1. Given the conditions (1) more than 21 Å from Met336 (Cα to Cα); (2) in the same structural domain as Ser81 (by TED's automatic domain parsing); (3) surrounded by 22 or more Cβ atoms within 10 Å (Cβ to Cβ), and given that Met411 satisfies all but one, which numbered condition is not satisfied?
2. Between Arg304, Arg252, which is closer than 30 Å to Ala210 by Cα, among the charged types (D, E, K, R) and out of contact with any Lys or Arg (no Cβ under 7 Å at 6 or more places or on another chain)?
3. Is it true that some residue in segment 256-273 is more than 14 Å from Lys302 (Cβ to Cβ) and in contact with a Pro (Cβ under 9 Å, 6 or more places away or on another chain)?
4. List the strands (runs of 3 or more DSSP E) that sit entirely inside segment 228-330 and contain at least 2 residues that are modelled with pLDDT of 95 or more and of a type in the set (D, E, K, R).
5. Quickly run through segment 396-449 and pick out the residues that are within 18 Å of Tyr356 (Cα to Cα), among the hydrophobic types (A, V, I, L, M, F, W, C) and part of a helix (DSSP H, G or I).
6. From Leu273, Leu212, Leu248, grab the single residue that is in the same structural domain as Ser180 (by TED's automatic domain parsing) and within 30 Å of Pro54 (Cα to Cα).
7. I need a count of the residues in segment 85-125 that are within 14 Å of the ligand (Cβ to nearest atom) and in a loop (DSSP other than H, G, I, E, B).
8. Sort out which residues of segment 52-68 are within 22 Å of Leu158 (Cα to Cα) and not hydroxyl-bearing (Ser, Thr, Tyr), and write them in order of number.
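The values are calculated or read from the model by the stated rules, or taken from the named source; none is laboratory data. In this text the structure is predicted, and so the values were computed from the model without any measurement. For neighbour counting, all protein chains shown are included, and Cβ atoms are generated from backbone atoms with ideal geometry for every residue, glycine included.
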Amino acid sequence: MAAAFTLLFFSPPPLSNKLLAANPRPLIPSGSIRSSRGPHLRCSFFDLQPEHHPESLSLPLDRHDPSGPAYDAAIIGCGPSGLRLAELASSRGLRICCIDPAPLSPWPNNYGSWVDELTPLGLPSCIDHIWSSAAVFLDERSAKLLERPYCRISRRELKTRLLESCAAAGVRFHRARALSVNHQEFSSSVSCSDGTKIPASLVIDATGFASLFVDYDAGVKRDHGYQIAHGILAEVDSHPFDPKQMVLMDWRDGHMANEPYLRQANLKTPTFLYAMPLDERLVFLEETSLVSRPMLSYNEIKKRMAARLRHLGIRVRRVLEDEKCVIRMGGPLPRMPQGVVGLGGAAAMAHPSTGYMVARTLAVAPAVADAMAECLGSTRMIRGRQLQARVWASLWTPERRAEREFYKFGMETLLRLDLAGTRAFFDAFFDLDPYYWQGFLSSKLSLWELLALSLALFRRASGRSKMDVITKCPLPLARMAGNLAHQYI
Ligand SMILES: Cc1cc2nc3c(=O)[nH]c(=O)nc-3n(C[C@H](O)[C@H](O)[C@H](O)COP(=O)(O)OP(=O)(O)OC[C@H]3O[C@@H](n4cnc5c(N)ncnc54)[C@H](O)[C@@H]3O)c2cc1C
């Protein structure tokens, strides 16, 4: 098997300009990219304060009633993961209490997703903008056009929809911070910052990446990678992007021509621009380190972003929102089973190679709700360790755990690539049959399909890229093979 895994690499066919040559209209019209030299293009947008302070949602929510019976489940955290599970579990007849200091606060993160990941979830009203395609700029001369619609999720709409369903199904809410969880043999209790104790048969931790309630095995190395990014929703004088295309990744580094320090650092640990043009003057821009370990400095990201916007001639008039994005990627899974069941960021569900997670969590939640209903429903009174084990197992099935090893290997590979290697990777990756690259990005490939993807990438690999794998990746490769063997034997 190890031999097969060594095939998981690629290298580009020589940097062609296939796509641009085939497309008379460049993805970014060159005439609209202005020089970085003009004094009027100085970037001072970091001094601008974000102007949007979205109002809290206004919905009637039922409060936790201390005199009522114990809950089937207490869900800590009203992010996308927690509310989706609350909605689904309550619609299956379970008594649910959600705990969050501010359940009606708007979500702060800007979420993007492939449209085909959201469509099956029946959430069309929760999309606020669709681009018919996405562009990937590899360098100044070549780019890929991905014919796969991409969308920006309406956070407000999605949260409202989930809260409304929860309210309709009788979910109770408690406004407080959860501090600790105590377990008895067949029940648990969540202690909150206001002194309240919330009793429940099962406790779900949906508090995101900073989770405090889910444990990891003591001996296991916490070798996460980190995605770090700085994003702004900005009103600009103008921007060079085609409004019908979002920019998934722009790896060009022309903006560093006069910045030797930035260029050197970027050659080693590259960052890219992610851009969602909403109209001619409104654009979401995010300079992103796909994955780094240790985490790339936030300051460095901001300096690169300033240089890039200057080069693209983007003058920021107003910052409407900003976000510091830190996503924990890869690393070990939490200990399983354990008393508290994790979900979303708290259960290491972010895609180890991309950091995406929202659509995936929304899609996996029904299986978790089914497992909860099967155990806690009126006909089957399964409690305690058996309940926790079944719910964990519905989340991290053996197949998903095995596939995650592959995606983790993808992350370990990306961590070892410099700018040239990264460009080579994505050049070959997006040349694959869309079934494979789309399936990889959406965590939809089976283990065998992931092996087939490796073979297809290998067919495109240059000798240098094969050498890269042999010299830079033997340890992660061996670790992946070992982990897979451990799971199957
Ligand atoms: C800036 C940013 C941008 C991202 N963009 C994307 C994207 O475009 N697409 C994508 O797929 N993924 C994206 N992600 C990754 C991931 O999807 C998000 O982090 C997502 O919000 C995780 O959802 P969650 O429900 O697990 O946790 P969160 O959204 O972090 O929600 C956690 C909730 O728990 C509450 N909480 C925390 N501690 C406690 C406590 N002790 N007691 C009670 N409540 C508590 C918080 O108040 C919060 O409401 C992004 C992440 C970040 C940080």
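1. (2)
2. None of the other options fit; the residue is Arg304.
3. no
4. Ranges flagged: 282-292, 316-330.
5. Those that are within 18 Å of Tyr356 (Cα to Cα), among the hydrophobic types (A, V, I, L, M, F, W, C) and part of a helix (DSSP H, G or I): Phe406, Phe409, Met411, Leu414, Leu415, Phe426, Phe429, Trp437, Phe440, Leu441.
6. The conditions single out Leu212.
7. 13
8. Within segment 52-68, the first condition is being within 22 Å of Leu158 (Cα to Cα), and the residues that meet it are 52-63.
Selection gives His52, His53, Pro54, Glu55, Leu57, Leu59, Pro60, Leu61, Asp62, Arg63.
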